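Accompanying notes for the structure given below.
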Amino acid sequence: MNVKHVLVKIMLRGSLMFCVLALVACFVAFSSSAASAAPPVGFARIIHAAPSLGNADVFMDGMRLPASIAFGTITAYAPIPAGAHRIQVAPADRGVGAAVIDSTVTIAPQTAYTLAALGTTATGYSLKTFVDNNLLVTGKNMAKVRVYHLSPNAGPVNVAARGKMLIGGLVYPNASDYLTVPAGSYTFNVRATRFGATIPAQTTLRADTVTSVFAIGMLKGMPEFRFVTATIPAVPARAMAG
C-alpha cells in the first residue's frame, strides 16, 4: 500500500471519529438541555386540623384532590410545580364554590411545605404554611423531630421528655424548631399551662428519619385533643443539591 492510500485511510478514520464525537456531544447537550428544561418542583403535604370543618375537599388551582380528607388526616408529600398556586378547602361534596379557605401559596423549588387547614366556625378558617427541613442530620443513630401546635384552644404548651424540657411556650398555630435527638422510644409530655393538663405523646424515633408531631383538636371539647404523627426518611443534602 503506498503512502497516498495510507493518508487517505487515516483521513477517513479521522473524519469518522470526528462524526462520532460530534454525535456524542450533541446527545450530551440534548440530555442536559432536557434535564434543565424540566420544570422545577417543590413538595407539599396537607394536614386537616380544623376541628369543626368535618370531612373536607381540597382544590389546587381549581382541581379537586382525588379524595376527601377527614379531620386529623396528614397527606403524603406530593411534587408541585414551583410558583404560586391557589389552594381552596371546602366541606366535602359541596364543590369549590363552598370553599371556607381560599389562599395563595408560593412553592419554591426543592423546598418542602406543610399546609395546615386551621380554625373553627367561631373564629373562621385559614391556611397556615410551614417550611419543613427534612435534611439528614449528621452523626450516627440520630433522628429529627418537630412539634406543630395546631390546637385552637389549648393555649401555650411546654414539651418535655426523659426528664428534660425541650420546648417552652409554644403557641398556636406555630411549630417548634427541629430537635435532633438519639433514636429510640420517647414519651413527649405536652403540658397545656392554661388548663394545667399534661398529655403524653408516645412515639418511636428511628435513625435517619424526620418525625412530625401534630397537636390537634380541642382541650375539654370536641373533637378531643390528640396527637397525630408522620415520619419520613431524612433526605441527604446532596439529593437537594442535585
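Of a type outside the set (Asp, Glu) and either buried (at least 17 other Cβ atoms within 10 Å of the Cβ) or closer than 30 Å to GLY54 by Cα (or both): is that true of ALA215 in this structure? Full working, then the answer.
Values: of a type outside the set (Asp, Glu): yes; either buried (at least 17 other Cβ atoms within 10 Å of the Cβ) or closer than 30 Å to GLY54 by Cα (or both): yes.
Answer is yes for this residue.
Every residue in the range 125-165 that is of a type in the set (Gly, Ala, Ser) and at pLDDT below 95, please. Break it down stepwise before answering.
At the first step, the residues of the range 125-165 found to be of a type in the set (Gly, Ala, Ser) are 126, 139, 143, 151, 154-155, 160-161, 163.
GLY139, GLY163 - these are the residues of the range 125-165 that are of a type in the set (Gly, Ala, Ser) and at pLDDT below 95.
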Say whether the condition of being within 20 Å of PRO40 (Cβ to Cβ) and free of Cβ contacts under 8 Å to residues at least 24 places away in the same chain is met by at least one residue in the range 114-122.
-> no
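Yes/no per residue for (1) loosely packed, with under 13 Cβ neighbours inside 10 Å; (2) assigned to a strand (DSSP E or B); (3) assigned by TED's automatic domain parsing to the domain that holds LEU170:
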position	(1), (2), (3)
ALA76	yes, no, no
GLN110	no, no, no
ALA117	no, yes, no
LEU127	no, yes, no
GLY139	yes, no, yes
SER151	no, no, yes
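Sort out which residues of the range 189-242 are of a type in the set (Asp, Glu) and either outside the structural domain of VAL171 (by TED's automatic domain parsing) or in contact (Cβ under 8 Å) with a residue 60 or more places away in the chain (or both), and write them in order of number. Give the derivation first.
Step one: list which residues in the range 189-242 are of a type in the set (Asp, Glu), which gives 208, 224.
Scanning the range 189-242 gives a single hit, ASP208.
For every residue, the table says whether it meets (1) within 20 Å of ALA116 (Cα to Cα); (2) in contact with a strand residue (DSSP E or B) (Cβ under 8 Å, 6 or more places away or on another chain); (3) modelled with pLDDT under 95.
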{"residue": "THR209", "(1), (2), (3)": "no, yes, no"}
{"residue": "ALA230", "(1), (2), (3)": "yes, yes, no"}
{"residue": "ALA237", "(1), (2), (3)": "no, yes, yes"}
{"residue": "GLY242", "(1), (2), (3)": "no, no, yes"}
For PHE188, which of the numbered conditions (1) buried (at least 16 other Cβ atoms within 10 Å of the Cβ); (2) part of a loop (DSSP other than H, G, I, E, B); (3) aromatic (Phe, Trp, Tyr) fails to hold?
-> (2)
Do we have any residue at all in the range 55-66 that's out of contact with any strand residue (DSSP E or B) (no Cβ under 6 Å at 6 or more places or on another chain), surrounded by fewer than 17 Cβ atoms within 10 Å (Cβ to Cβ) and acidic (Asp, Glu)?
-> no
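The values are calculated or read from the model by the stated rules, or taken from the named source; none is laboratory data. Quantities reported herein were computed from a predicted structural model and do not represent experimental measurements. Because the Cβ atoms are built from the backbone with ideal geometry, glycine has one as well, and the counts that use them run over all protein chains shown.
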